[in-house]
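Presented below is the structure to which this report refers.
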Amino acid sequence: MRASGKVLVVGGGIAGSSAAIALRQQGIAVDVVEKYLPDAVLGIGINLQGNALRALAGLGVLDEIARAGFSYDGFAFFDSQGESRGTMPGPRAAGPDYPAMMGITRPDYSRILNRAVTAHGARIFPQTTVDALEQDANGVDVKFSDGRRERYDAVVGADGIHSTTRSMIFGALGAPRYSGQAVWRANFPRSVDLLHSYDGGGGDRAGLAPLSDALMYMYVTDKSDTPEPPQGDLREKLREKLAPYGGLIGQLREQLPPSEQIVWKPFLLVDLPNPWHNGRVIIIGDAAHATTAHLGQGGAMAIEDAVVLGEELGNHDDVSDAFDAFMTRRFERTHKIQKWSEQLCRWEITRSEDADQQGVIAQAFELVRQPI
């Protein structure tokens, strides 16, 4: 796409903000519309593996993220009572000067990306959504919720699992489906320097992940028949959920924060078939390939999508050619990560005797070590 082109990015989260930066690096004009205010960040924290760090380095934001977050080099595995089952290093995909993994709080991460989007010259329209898209061979006419109408050379749908852009373009195709598992999350003062994973038995797993010098978060998977959140006192329900655990998890059971600081979220999957584009509109990130958190690669895949999309739109004059090149680089990689993550999820739910969690994790590490 020529540098005089203009792209609309729908969604200002991980995928959308990263895409805005990547497109501006190519000299392409960018507008970003975001449903929420910039400080209305949902979630506890995010763990970024080496491939995500490599992509963020290319976007020019990694050093600032490193200052705000916590760097570490892999996993430590435990049984439900806190007895060690070994460690596994993560791949230093960003190079020897960067760690294998990095944790950061969602608010800090969002602020850093939003500042970078603005610094690169993209326009951000908060509390704004897309009401309608009409495209022809030369562009896309967009009607916004604030009444504005503008024309763009391309539109990027980066508006998450419940993407309205995807629905506008593909209808029910790629609609979210429930994995059968959810996750509890809560923050605590940091006391670990690796990602700790505890096998809880019965289809559940707990863990601790560093986010900063001061904070870490606890996660606990939850085999649930419904994606609807539990009713009642979340703090007490999480406390009950943690009853089988000993060790550090058992100690933290008595230090849970108030219910309003506890998050319960279902693992929803999106399987948008190849291609993720129709005409001049393309879908990326969770809107195209949402996965479970078992490999910690959801955010990384979204960031990689953004980097590759920027490169291909910068390398091609024709939008369709750029989108085709993007799909060639992205579909198989994201598909493997999604299927491996779902396999880990199913093994936890069914307590399969044939489960080889560490083997699947090793395959995933080898894949993401490869260039994008």
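Please determine, by comparing only the residues of the range 225-249 that are within 27 Å of the chain's Cα centre (by Cα) and in a loop (DSSP other than H, G, I, E, B), which one is surrounded by the most Cβ atoms within 10 Å (Cβ to Cβ). Result: L242.
Suppose we filter the range 199-217 for residues that are in contact with a helix residue (DSSP H, G or I) (Cβ under 6 Å, 6 or more places away or on another chain) and modelled with pLDDT of 95 or more; how many remain? Of the residues in that region, 1 qualify. Considering the range 164-186, the residues that are on the phi > 0 side of the Ramachandran plot and assigned to a loop (DSSP other than H, G, I, E, B) include one that is surrounded by the most Cβ atoms within 10 Å (Cβ to Cβ), namely G174. Could you say which residue among V142, V183 is under 24 Å from V30 (Cβ atoms), touching a residue at least 24 places away in the same chain (Cβ under 8 Å) and aliphatic (A, V, I, L, M)? Only one candidate passes the filter, namely V142.
Evaluate the range 31-43: report whether one residue or more is in contact with a Leu (Cβ under 9 Å, 6 or more places away or on another chain), surrounded by fewer than 20 Cβ atoms within 10 Å (Cβ to Cβ), modelled with pLDDT under 95 and part of a loop (DSSP other than H, G, I, E, B). Yes: one or more hits. If you filter the range 250-293 down to residues that are within 18 Å of A175 (Cβ to Cβ) and of a type in the set (F, W, Y), you find that the one that is surrounded by the fewest Cβ atoms within 10 Å (Cβ to Cβ) is F267. Entry remark, the range 187-213: residues being polar (S, T, N, Q) and surrounded by fewer than 18 Cβ atoms within 10 Å (Cβ to Cβ) number 2 in total. Within the range 319-328, identify whether any single residue is under 16 Å from Q26 (Cβ atoms) and of a type in the set (F, W, Y), and answer yes or no. Yes: one or more hits. Within the range 337-358, residues that are touching a residue at least 60 places away in the same chain (Cβ under 8 Å) sit with their Cβ atoms under 8 Å from residues that are basic (K, R), at 6+ positions apart or across chains, in these pairs: E348/R205; E348/K223; I349/K223. The strands (runs of 3 or more DSSP E) located wholly in the range 44-99 that include 2 or more residues which are in contact with a Pro (Cβ under 7 Å, 6 or more places away or on another chain) and in contact (Cβ under 8 Å) with a residue 40 or more places away in the chain occupy 70-72.
Applying the criterion of being touching a residue at least 40 places away in the same chain (Cβ under 8 Å) and more than 12 Å from L8 (Cα to Cα) to the residues of the range 117-136, the residue that is surrounded by the fewest Cβ atoms within 10 Å (Cβ to Cβ) is G121.
Tell me, please, whether a residue that is outside any strand (DSSP E or B) and either within 22 Å of the chain's Cα centre (by Cα) or closer than 26 Å to G90 by Cβ (or both) can be found in the range 201-211. Yes; the residues of the range 201-211 include at least one that is outside any strand (DSSP E or B) and either within 22 Å of the chain's Cα centre (by Cα) or closer than 26 Å to G90 by Cβ (or both). Selection of the range 278-287 for residues being under 20 Å from the mean Cα position of the chain (by Cα) and either of a type in the set (A, V, I, L, M, F, W, C) or assigned to a strand (DSSP E or B) (or both) yields I282, I283, I284, A287. Mind listing whichever residues of the range 250-268 are over 23 Å from I349 (Cβ atoms) and outside any helix (DSSP H, G or I)? Across the range 250-268, the qualifying residues are L256, P257, P258. Among the conditions (1) crowded, with 23+ Cβ neighbours inside 10 Å; (2) part of a helix (DSSP H, G or I), M216 misses just one, which is (2). Candidates L272, L268, L256: the one that is touching a Lys or Arg at 6+ places or on another chain (Cβ under 6 Å) and either of a type in the set (A, V, I, L, M, F, W, C) or at pLDDT below 95 (or both) is L256.
Figure legend. Inter-residue proximity from the range 1-14: first residues among the hydrophobic types (A, V, I, L, M, F, W, C), second residues crowded, with 24+ Cβ neighbours inside 10 Å and in a loop (DSSP other than H, G, I, E, B), beta-carbon distance below 6 Å, spacing 6+ or different chains. Indicated pairs: V9/A158; V10/D159.
The values are calculated or read from the model by the stated rules, or taken from the named source; none is laboratory data. Here the structure is a predicted model, which means the values were calculated and not measured. Positions of Cβ are generated from backbone atoms using ideal geometry, with glycine treated the same way; all protein chains shown enter the neighbour counts.
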